[in-house]
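Structure first, then comments.
Read the figures in this text as sums done on the coordinates, not as results from a lab. This one's a predicted model, so the numbers in the text were calculated from it and none came from an experiment. Here the Cβ positions follow ideal geometry from the backbone for every residue, glycine too, while neighbour counts run over all protein chains shown.
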Amino acid sequence: MNTNNNIYTVIYTALIVVVVAALLAFVSQSLKAKQEANEKAETISQMLTAARICTKDSLDLLSNAQKLDLYAREIEKAFVIDTVGNIVDTLSIAREKLDVYSPKELKRQNYNIKGGANATGAPAIPVFVFKNGRTVVPIYGAGLWGPIWGYISFEADNVTIGGAYFDHESETAGLGAKIKDDPSFQARFIGESADFSAKNVFDIVKGGAPKEADGTSVKDNKIDAISGATMTSQGLDAAIDTWLAAYAKYFQANAPKKHHCGNCKHHHNETEPETQTEE
Amino acid sequence: MKLKETLLNPIFKGNPITVLVLGICSSLAVTVTLKGALVMALSVIVVCGISSFILSLLRNTIPGRVRIIVQLVVVAMMVILVDQILKSFEATYAIDKQLSVYIGLIITNCIVMGRIEAFALGNKPWPSFLDGIANGAGYGLILLIVAFFRELFGSGTLFGVTILDPKWYTPNNLVILPPFALILLGCIVWVQRSIQKDLQEDK
């Protein structure tokens, strides 16, 4: 057989590509459920890390079921708001059906927040309130090479940052990847605060955020960027600004937290089972 | 006898990293922890063995002019399969996350395509499979040696278990950084060449 014939070559390459594509599509479909379960457990452990309930390292030692158990135990309520701060939906916090936002869903909402051609509707962004008093919200945006996302928690005053955890798809290991891998970077957020009235709600500053006399960062809304990872730092800064601005109305309306808005109380009584304890 | 040679040669005498100098980049990148190195080694063994086997089966039908593209398609398929499978199990999900970029980059690991070009396209499937496995294992062996030293002295642990107590041992940060892996690799090449005199170049 002459394998160098033109027609043979074309048919051969076409055939092999089709066979490989079909096989990969089949495998991807059949493993999808398992992968989504893993991704959900990861999302949950990232939120628990941001709420400083556990460190990420200790969470990584738990099984998926244990992560879900822990989350179900620690979460107080979860709901979806619009950019005006009104609650538009609730998220289930029952152990058998825990609703969280996957990175894919965050991407969709990111388009909605920004508007434009890719938007599919009005933004519907999640709020997760934990029993330790911290409120976790997600952020999503573009890093240098691919998407970055993460979770920021706020203390009960709804202004002071209680913790943060970030993840990425393909930032450079050792540089941009530090937003995920470097706990000391994430620790820089703790104790800082968001300025919900400003356009730049939070700043990641290249070349040094204001310092106290002892060298620690001033507890304002500015922290140091990662050296060697300017683009990723800027991407993270933009992601945080975009998302926290979308949450600004909600946090402003709920600070200080003592008087809960009647609106959401009403909403919770309607849909939440007896696990709900009102403040 | 010949099969045994195929299987054992790449482990030491013709090691892909220290003798053929293939796959250096990933051996610097994924050797911070033993666990990561082990998963990477196993993944490369699987990808290398099976893609060598498949391409050896197809070797008489592959059109010469597009053979590299066909190799690329098969290797890429194997890499995606490994990635998908790692993502699907609880035990390997975290490792997959840690290795994410590098798993995808197995396809650019010169060992895989290098062995297909040099061996699988000219040999029967079974020896090709063994050659792929053996080269993956030779690569994995060096990875584990490097990772052993880097994890022990960089983090004071082995497979995540504390060996050097942080009370009296301060982890060496240089060991964590990729350049140190290159220094270690140099030392391994040195050791191998003093044992195996025929590798030494004439002065």
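Against chain A, whose longest principal axis is taken from its Cα atoms, helix A:230-253 shows a tilt of about 50°.
Helical runs assigned H by DSSP (4 residues or longer) give chain A a calculated mean residue ellipticity at 222 nm of -13500 deg cm²/dmol, each run adding -39500 (n - 2.57) before division by the residue total. Summing charges over all other residues whose Cβ lies under 14 Å from the Cβ of A:GLY143, with Lys and Arg as +1 and Asp and Glu as -1, gives -2. With a Förster radius of 56 Å applied to the beta-carbon distance between B:ILE69 and B:ASP165, the computed FRET efficiency rounds to 0.55.
Pick from B:ILE116, B:ILE95, B:ILE107 the residue whose mean-square fluctuation is largest in a GNM of chain B, springs joining Cα atoms under 10 Å. Of B:ILE116, B:ILE95, B:ILE107, the most mobile in the Gaussian network model is B:ILE95. Of the complete DSSP H runs in chain B, those spanning 18 angstrom or more by Cα along the long axis with a mean Kyte-Doolittle score not below 1.6 are B:34-58, B:67-88. Inter-part distance, segment A:186-207 to segment B:29-48, computed on C-alpha centroids, equals 38 Å.
Considering only A:GLY143, A:PHE130, A:ALA239, and ranking their Cα positions along the charge dipole of the protein assembly as shown that arises from unit charges at the beta-carbon of Lys, Arg, Asp and Glu, the one farthest toward the positive end is A:GLY143. Sparsely packed loop sites in segment A:11-99 (the GluC sites (Glu not before Pro) outside DSSP H, G, I, E and B with at most 15 other Cβ atoms within 10 Å) comprise A:GLU96.
Given the options A:TYR250, A:LEU15, A:THR83, identify the residue whose Cα lies farthest towards the positive end of the charge dipole of chain A (+1 on Cβ of Lys, Arg; -1 on Cβ of Asp, Glu). Toward the positive end, the furthest listed residue is A:LEU15. Taking chymotrypsin sites (Phe, Trp or Tyr not before Pro) in DSSP loop states with no more than 14 other Cβ atoms inside 10 Å as exposed sites, chain B has its longest site-free stretch at B:13-88.
Taking label positions 7 Å along the Cα-Cβ direction at both A:ALA142 and A:THR55, the computed distance is 3.6 nm, reported to one decimal. Here the gap between A:VAL84 and A:LYS219, fully extended at 0.36 nm per residue and compared with their Cα-Cα distance, gives a gain of 45.9 nm. Note on chain B: dipole from Cβ charges, positive end direction compared against B:GLY49, B:ILE188, B:THR33; the farthest Cα belongs to B:GLY49.
The distance separating the Cα centre of segment A:86-153 from that of segment B:125-156 comes to 41 Å. Residues whose amide H comes within less than 5 Å of that of B:LEU22, counting only those at least five positions distant or on another chain, are B:ILE17 (H built at 1.01 Å from N in the peptide plane). Axis angle, to the nearest 10 degrees, between helix A:64-74 and the longest C-alpha principal axis of chain A: 20 degrees.
For the options A:THR49, A:THR120, A:THR83, a Gaussian network treatment of chain A with springs between C-alpha atoms closer than 10 Å singles out A:THR120 as fluctuating the most. Restriction of the GluC sites (Glu not before Pro) in segment A:147-218 to DSSP coil positions whose beta-carbon has at most 12 other beta-carbons within 10 angstrom yields A:GLU212. Legend: residue pairs B:LYS4/B:LYS197; A:LYS97/A:LYS219; B:LYS124/B:LYS197; A:LYS211/B:LYS97; A:LYS178/A:LYS206; A:LYS211/A:LYS249, Cα-Cα distance threshold 27 Å; pairs beyond threshold, A:LYS97/A:LYS219; B:LYS124/B:LYS197; A:LYS211/B:LYS97; A:LYS211/A:LYS249.
Projecting the alpha carbon convex hull of chain A along each direction and taking the average yields 19.9 nm². The relative contact order of chain A comes to 16 percent, based on Cα pairs under 8 Å that sit 6 or more residues apart. Using Cα springs under 10 Å in a Gaussian network model of chain A, which residue among A:LEU23, A:LEU68, A:LEU48 shows the largest mean-square fluctuation? It is A:LEU23.
Here the spin labels are modelled as points 7 Å beyond Cα on the Cα-Cβ line, and at A:ASN4 and A:ARG95 they lie 7.0 nm apart.
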